[in-house]
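Chemist: Shown below is the structure under consideration.
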Amino acid sequence: MATDYDAPRKNEEELNEDSIEELKTRRTDKQSASVDEDEAEAADSYELPGADLSGEELLVRVLPAQADEFTCASCFLVRHRSQIAREKNGLLYCKECEG
């Protein structure tokens with residue numbers, strides 16, 4: 001439980017004034033097991049794996065690798081040539097995969 005250290009603190013007299021019954025009612029008021037959520041609405045917002053996306057159009061323009069870029073043979077990410085760590089058998093590897 002989070003503690004607000006800036007909140008004013010009760011002194012000994014105020015703490016003793018709280019009765020056991022009052023403290024019990026406060027504890028039961030705070031604990032509510034009911035959740036107001038419509039399951040159908042919650043299910044509509046999730047994308048399931050394997051969902052039919054044939055009707056969706058992608059509006060992303062894909063560019064080929066530029067002259068100053070390479071594709072890492074390990075992670076398959078396109079990176080700038082300054083990220084080349086090593087070349088083995090004609091394949092380039094980035095610094096992250098070699099590190």
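The values are calculated or read from the model by the stated rules, or taken from the named source; none is laboratory data. Everything quoted here is computed from the prediction, not taken from an experiment. Here the Cβ is made from the backbone with ideal geometry for all residues, glycine too, and neighbour counts use every protein chain on show.
Chemist: Name the single residue that is modelled with the lowest pLDDT among those in the stretch 84-99 being surrounded by 14 or more Cβ atoms within 10 Å (Cβ to Cβ) and within 28 Å of the chain's Cα centre (by Cα).
Modeler: C97
Chemist: Report the residue count in the stretch 51-83 for those that are of a type in the set (D, E) and surrounded by 10 or more Cβ atoms within 10 Å (Cβ to Cβ).
Modeler: 1
Chemist: Filter the stretch 10-60 down to residues that are of a type in the set (D, E, K, R), in a loop (DSSP other than H, G, I, E, B) and either modelled with pLDDT under 75 or at positive phi (or both), then give me how many there are.
Modeler: Here the count works out to 6.
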